[in-house]
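Below: the structure, in structure tokens.
The values are calculated or read from the model by the stated rules, or taken from the named source; none is laboratory data. This one's a predicted model, so the numbers in the text were calculated from it and none came from an experiment. Cβ placement follows ideal geometry from the backbone for every residue including glycine, while neighbour counts extend to all protein chains displayed.
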2 protein chains.
Amino acid sequence: MTTENPGAAPAKASGDVDLLTAFAVFTEASIVAQLTSTLLESRLPKGMVTAQFGVLNHLSSRPAGGTPLQLASAFQVPKTSMTHSLAALERKRLVEALPNPDDGRSKIVRITPAGARFRGEVIEALAPVVAHTLSALDPGTLDRLLPLLRHLRIVLDAARNCRAERLE
Amino acid sequence: MTTENPGAAPAKASGDVDLLTAFAVFTEASIVAQLTSTLLESRLPKGMVTAQFGVLNHLSSRPAGGTPLQLASAFQVPKTSMTHSLAALERKRLVEALPNPDDGRSKIVRITPAGARFRGEVIEALAPVVAHTLSALDPGTLDRLLPLLRHLRIVLDAARNCRAERLE
DNA sequence: ACTATATAATACGATATCGAATTAGATGAG
DNA sequence: CTCATCTAATTCGATATCGTATTATATAGT
């Protein structure tokens, strides 16, 4: 059936700090990401993918923009991937890059008026679909999920930085 | 900072069933998936990616195996992506494909002894890393997250099937 | 049994992802 | 000031992802 649990934990030893629960959480997060990405892309013009729209959405609430490195860090993707996503958004004129006055190597990426408009249209088209989909959720699910997910994300992120430092 | 909230909701209208919270949850799920995938791949031999290991891990608790379509459905990825992942695992002799006695078009994919051994080694190498990383989590975070994530995943999945049917 | 339709898997092509190497500009030590 | 080092971004090459079209087999209607 479609409601199976991939990689589910068969049992849980008492001492070991449930690695298996952790794995199950990781797998579920990845499936949720997969499903929501597909859902979003079904309302996106062909040629635009979730990674690109995510950046656009992020920039829409930060009119001052940010550097590519800041954006890569916000989404925790490699900076070469961000270069690629930004190039695609720039080709579509949805964002624009200005020289960074503080650092000649860098640049500042900002959303354009066309980008903001586009983002608004997609959000609007998406609203009823998402609302309908999520209407089947137990009330409060998202509000309970969000802080927990954020907490996990922050801890994972901190550990990643820590590991990176250890390799100095 | 590295603890920003990409695509965060600026405010929340009372009537509209917080599309913005939903977006934030989706984004966080995607970042968690990204971070855990990177973490896993840091302990995987080069040439193996998270998608492949996920399938291997899934099969390790299902000795009878499954069809490619069942596996694609378990992870909610397109079946052509699963074909690719399975081909990679087969090349490495970590899984094997047998003809499906019930259906000549299909086949049954099973983990091999080498695959089970390999999976065990990776899990063992990963255990201390994950344990250390997650030691910074508030206790109970994962146990509270798992049922909520599953619930969300199941609802998203059901909606997806529903949409697919509408297009018949 | 025969044809139409449906389904499992794959082949193919376009694009996305990402690690390693590169380029250009910044920063710090002397 | 100059050189060494560091850092932001990009280029390049390898691989992954996934939509469309294709192939092979199954199933249903007559």
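Under the condition of being of a type in the set (Lys, Arg), touching a helix residue (DSSP H, G or I) at 6+ places or on another chain (Cβ under 9 Å) and surrounded by fewer than 16 Cβ atoms within 10 Å (Cβ to Cβ), the residues counted in region B:80-106 number 1. Restrict the check to region B:21-33 and report whether at least one residue is more than 7 Å from chain A (Cβ to nearest Cβ), closer than 27 Å to A:Val130 by Cβ and modelled with pLDDT of 95 or more. For region B:21-33, residues more than 7 Å from chain A (Cβ to nearest Cβ), closer than 27 Å to A:Val130 by Cβ and modelled with pLDDT of 95 or more: absent. The residues of region B:55-88 that are at the interface with chain A (Cβ under 9 Å from one of its Cβ atoms) and either of a type in the set (Phe, Trp, Tyr) or in a helix (DSSP H, G or I) (or both), listed by number, are B:Val55, B:Asn57, B:His58, B:Ser60, B:Gln70, B:Leu71, B:Ser73, B:Ala74, B:Phe75. Here A:Thr83, A:Thr67 are screened, and the one residue that is in contact (Cβ under 8 Å) with a residue 40 or more places away in the chain and within 9 Å of DNA strand D (Cβ to nearest atom) is A:Thr67. Taking region B:116-140 as the range and being more than 14 Å from chain A (Cβ to nearest Cβ) and within 16 Å of DNA strand D (Cβ to nearest atom) as the test, only B:Phe118 passes.
Against the condition surrounded by 19 or more Cβ atoms within 10 Å (Cβ to Cβ), at pLDDT below 95 and either more than 23 Å from A:Val32 (Cα to Cα) or more than 13 Å from DNA strand C (Cβ to nearest atom) (or both), how does A:Ala136 come out, does it pass? Judged against the criteria, A:Ala136 is not a match.
Residue-by-condition table, conditions (1) in contact with a strand residue (DSSP E or B) (Cβ under 7 Å, 6 or more places away or on another chain); (2) among the charged types (D, E, K, R); (3) closer than 30 Å to B:Arg150 by Cα:
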| position | (1), (2), (3) |
| --- | --- |
| A:His58 | no, no, yes |
| A:Gly65 | yes, no, no |
| A:Phe75 | no, no, yes |
| A:Pro78 | no, no, yes |
| A:Ile111 | yes, no, no |
| A:Val122 | no, no, yes |
| A:Pro139 | no, no, yes |
| A:Asp143 | no, yes, yes |
| A:Val155 | no, no, yes |
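A quick yes/no check of all residues on (1) assigned to a helix (DSSP H, G or I); (2) under 19 Å from the mean Cα position of the chain (by Cα):
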| site | (1), (2) |
| --- | --- |
| A:Gly104 | no, no |
| A:Ala114 | yes, no |
| A:Arg117 | yes, no |
| A:His132 | yes, no |
| A:Leu145 | yes, yes |
| A:Leu152 | yes, yes |
| A:Cys162 | yes, no |
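Tell me whether region A:69-79 contains one or more residues that are surrounded by fewer than 17 Cβ atoms within 10 Å (Cβ to Cβ) and within 12 Å of DNA strand C (Cβ to nearest atom). Looking for residues that are surrounded by fewer than 17 Cβ atoms within 10 Å (Cβ to Cβ) and within 12 Å of DNA strand C (Cβ to nearest atom), one finds at least one in region A:69-79, hence yes. Residue count for region A:42-54 satisfying the condition of being more than 10 Å from DNA strand C (Cβ to nearest atom) and either of a type outside the set (Phe, Trp, Tyr) or facing chain B (nearest Cβ under 8 Å) (or both): 4. Take the residues of region B:90-125 that are closer than 17 Å to B:Val49 by Cβ and touching a Gly at 6+ places or on another chain (Cβ under 7 Å): which is nearest to DNA strand C (Cβ to nearest atom)? Checked region B:90-125; the qualifying residue nearest to DNA strand C (Cβ to nearest atom) is B:Val95. Scanning region A:34-43 for residues that are crowded, with 18+ Cβ neighbours inside 10 Å and not β-branched (Val, Ile, Thr), we see that the one that is farthest from B:Ile154 (Cα to Cα) is A:Leu40.
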